[in-house]
Amino acid sequence: MSDVGIQSTQDFARPASRGWHELWRKEDWWAIWLGLGIVVLGAVLFLDGASLKWIAVTPPKWSSLAQLGAHFADNYPRYLAQFLAWLVLFGIALTALGHRPRAFIPAFVFLYVCSVLIIAGGQWDQANRYNLEPPLIALAVGLLISNVIGLPRALDAGFRVEFYIKTGIVLLGATLPFTLVLWAGPVAILQAGIVSIATFLVIYGVSLRLGLDRRLAATLGAGGAVCGVSAAIAVAGAVNAKKEHAPIAITTVILWAIVMIFVLPLLSRLLHLPAGVAGAWIGTSEFADAAGFAAAETYGNLVGHVDGIAGTGDQTVWAFTLMKVVGRDLWIGIWAFILAIVATTRWERVELGRKPDPAEIWWRFPKFVIGFVVASLIVTAISSGYTLAEFNKVVNPALVAPIKDLRTWAFIFCFLSIGLTTRFRELAQAGTKPFLAFSSGVAVNVVLGFVLSAIVFAAHWEHLTR
Amino acid sequence: MAAPSRPDTCRDCRHFRDDPAYLEAVCSGLASLGSAYASVRGEDGICDHHGRYVSARAWCDAFLPRLEAADRKPDDAR
């Protein structure tokens with residue numbers, strides 16, 4: 001546990017009871033309000049013959065700095081409007097969540113300026129030649145700044161990794177046909193279920209063999225098997241883990257997640273995996289949504305630029321999303337509920353009384369997934385009257401592409417924030433045994449994930465299409 | 001452990017701390033690839049008395065009412 005920045009009890013707000021206040025006190029709901037708000041606005045504009053295109057500006061491909069400079073000179077009002085829109089929307093949400101606007105505003109100015117530079121860098125026509133993939137640049141730049149230069153901790157108010165990725169996932173729902181969710185979802189759930197259970201059992205079993213506490217074993221296992229840091233903190237609470245258990249699990253998850261951001265796209269590239277297959281593998285074997293999207297976007301950006309990779313960039317992101325969000329994230333409430341029952345009825349009794357409640361499955365449900373599904377339904381309903389050719393000519397440029405561009409911004413804010421908030425020297429000391437136990441699960445997870453994605457269900461993931 | 005006659009759960013206990021800012025401050029790395037503001041955390045927090053992550057709906061014999069909670073009716077505290 002770190003004692004950095006700890007204040008006295010009186011400095012923190014008292015707990016509020018559950019209820020409607022969750023709609024404005026949890027970031028999942030704010031991701032829905034923001035993401036769906038953008039999608040609904042885009043849909044209304046589209047149906048009225050207009051588009052979000054003007055404000056969804058991104059730097060275009062360029063080959064000389066003069067070209068890039070000319071683009072910014074011509075379009076600076078659009079960037080300014082976009083910056084102000086993000087600032088206001090995120091500012092309202094984060095203020096409602098309890099962050100201070102005075103800390104958020106300078107942080108977001110810094111984040112936006114860096115994001116412009118990173119996205120522009122990725123659009124250089126030689127970027128692929130030097131592997132300058134925006135997600136990797138964002139992560140590397142963020143890590144460099146936070147670990148070498150250092151920024152005031154107060155600025156973390158604007159570096160909200162999870163909030164940006166959840167908003168991006170809701171926007172992503174608008175680009176993913178709901179028919180594809182229905183068609184590919186069951187296979188994603190089956191594959192993710194197999195790998196999650198195997199990974200959990202391996203980490204849990206090895207942890208016990210190494211003499212670790214059952215509650216730490218469960219927290220580590222859930223972190224590796226389900227949804228990384230989110231699962232670790234959820235299961236730590238469900239099993240009444242000791243307060244040092246969650247930071248240990250979080251440290252191991254972060255270390256492996258960051259390694260996998262680089263390793264999984266690299267291995268996929270060396271093996272020339274089709275776009276959808278690589279997305280499914282990354283979705284099965286990465287440990288956190290934000291890290292996984294960084295890896296999936298990186299590989300998706302290689303498609304079409306590197307010889308021997310079949311498919312489209314969209315297939316990588318779609319397969320990853322189906323596997324990670326639908327196949328793994330959705331089930332965290334059930335994992336927590338089952339482990340709470342086991343902890344309170346089978347493991348050693350602690351001094352605390354508690355009765356596991358099935359309603360916990362809903363309380364812990366990652367609500368942003370609702371926004372993702374609704375966004376998919378909205379755009380699928382609008383698109384249903386169009387042929388594929390008409391969709392590509394009319395719906396895609398006016399409705400889907402601008403939302404996708406705004407998603408790109410949200411994702412880059414997230415990737416940069418990962419680096420800016422990951423300070424290695426401040427992470428808890430995980431210890432050798434927890435690290436070994438978790439690593440054994442990583443080995444099983446990566447191999448099993450590859451076998452299922454690239455061999456058993458390869459035909460399925462190769463052919464994801466609209 | 002039997003349920004206490006009064007519903008004095010961790011939510012209203014002085015030992016229970018579930019403010020997201022506090023949890024992110026004491027739990028290094030939580031904000032890097034996760035968040036204390038997320039739905040998956042539910043209402044869990046840290047019990048300073050037992051040194052454990054606990055649910056707001058848990059209870060124990062060491063319950064100490066918060067000053068502001070002590071003045072409220074039990075039903076209001078739920």
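Here is the link list: A:166/A:355; A:242/A:355; A:243/A:404; A:61/A:367; A:61/A:166. Which ones come out longer than 29 Å on Cα distance?
From the list (A:166/A:355; A:242/A:355; A:243/A:404; A:61/A:367; A:61/A:166), the Cα-Cα distance tops 29 Å for A:166/A:355; A:243/A:404; A:61/A:367.
Determine the equivalent ellipsoid of segment A:21-462 by diagonalising the alpha-carbon gyration tensor, then write out the semi-axes as square roots of 5 times the eigenvalues, largest first, rounded to whole Å.
35, 24, 23
Positive end of the dipole of chain A, charges at C-beta (+1 Lys, Arg; -1 Asp, Glu), about the Cα centre: which of A:180, A:111, A:221 has its Cα farthest in that direction?
A:221
Taking a ≥ b ≥ c as the square roots of the eigenvalues of the Cα gyration tensor of segment A:407-466, is the shape rounded (a/c under 1.5), prolate (a/b larger than b/c) or oblate?
oblate
Along the charge dipole of the protein assembly as shown, Cβ charges K/R +1 and D/E -1, which of A:326, A:403, A:251 sits furthest on the positive end?
Result: A:251.
In whole Hz and in residue order, list the ³J(HN,Hα) couplings for segment A:322-339 that follow from phi through the Karplus curve 6.51 cos²θ - 1.76 cosθ + 1.60, θ = phi - 60°; x for Gly and Pro.
Computed from phi, the couplings for segment A:322-339 are 4, 5, 7, 6, 7, x, 10, 4, 4, 9, 4, x, 5, 4, 5, 5, 5, 5 Hz.
Against the longest alpha carbon principal axis of chain A, how many degrees, from 0 to 90 and to the nearest 10, is the axis of helix A:101-122 turned?
Around 60 degrees separate the two axes.
Considering only A:291, A:238, A:278, whose Cα is most displaced toward the positive end of the charge dipole of segment A:185-316, charges sitting on Cβ of Lys, Arg (+1) and Asp, Glu (-1)?
Farthest along the dipole direction, towards plus: A:238.
Please compute, for the alpha-carbon atoms of segment A:326-457, the extent along each of the three principal axes and give them in descending order in Å.
Cα spread of segment A:326-457 along its principal axes, largest to smallest: 63, 38, 36 Å.
Relative contact order of chain A: what whole-number percent is it, with Cα pairs under 8 angstrom and at least 6 residues apart?
The normalised contact order for chain A reaches 28 percent.
Name the residues whose placed amide hydrogens come within less than 5 Å of the amide hydrogen of residue A:430, ignoring near sequence neighbours (fewer than 5 apart) on the same chain.
none
Could you pull out every residue, at least 5 positions away or on a different chain, whose amide H is within less than 5 Å of the one on residue B:44? Hs are placed 1.01 Å off N in the peptide plane, and Pro or chain starts have none.
Residues meeting the amide H criterion: B:56.
Whole-Hz ³J(HN,Hα) for each residue in segment A:451-463, computed from phi via Karplus 6.51 cos²θ - 1.76 cosθ + 1.60 with θ = phi - 60°, x for glycine and proline: what do you get?
4, 5, 6, 9, 10, 5, 10, 4, 4, 5, 6, 5, 10
Once both axes come from the Cα atoms, what is the angle between helix A:161-173 and the longest principal axis of chain A, in degrees from 0 to 90, rounded to 10?
60
Per residue of segment A:177-186, what does 6.51 cos²θ - 1.76 cosθ + 1.60 with θ = phi - 60° give for ³J(HN,Hα)? Whole Hz please, x for Gly and Pro, Karplus curve as stated.
x, 5, 4, 6, 4, 5, 6, 9, x, x
So what's the angle, to the nearest 10 degrees on a 0 to 90 scale, between helix A:228-238 and the longest Cα principal axis of chain A?
40
Could you work out Rg/(2.2 N^0.38 Å) for segment A:56-159, with Rg from alpha carbons only?
1.19
Nothing charged except the Cβ atoms of Lys and Arg (+1) and of Asp and Glu (-1): what's the magnitude of the dipole of segment A:21-462 about its Cα centre? Round to the nearest 20 debye.
Using only the charged Cβ atoms, the result is roughly 960 debye.
For residue B:52, what residues show an amide H to amide H distance below 5 Å, using hydrogens built from the backbone and excluding near sequence neighbours?
A:243, B:47
Here, each number is a calculation from the coordinates, and none is a lab measurement. It should be emphasised that the depicted structure is a prediction, and the values quoted were computed from it without experimental measurement. Cβ coordinates were reconstructed from backbone atoms using ideal geometry, including for glycine residues, and neighbour counts include every protein chain displayed.
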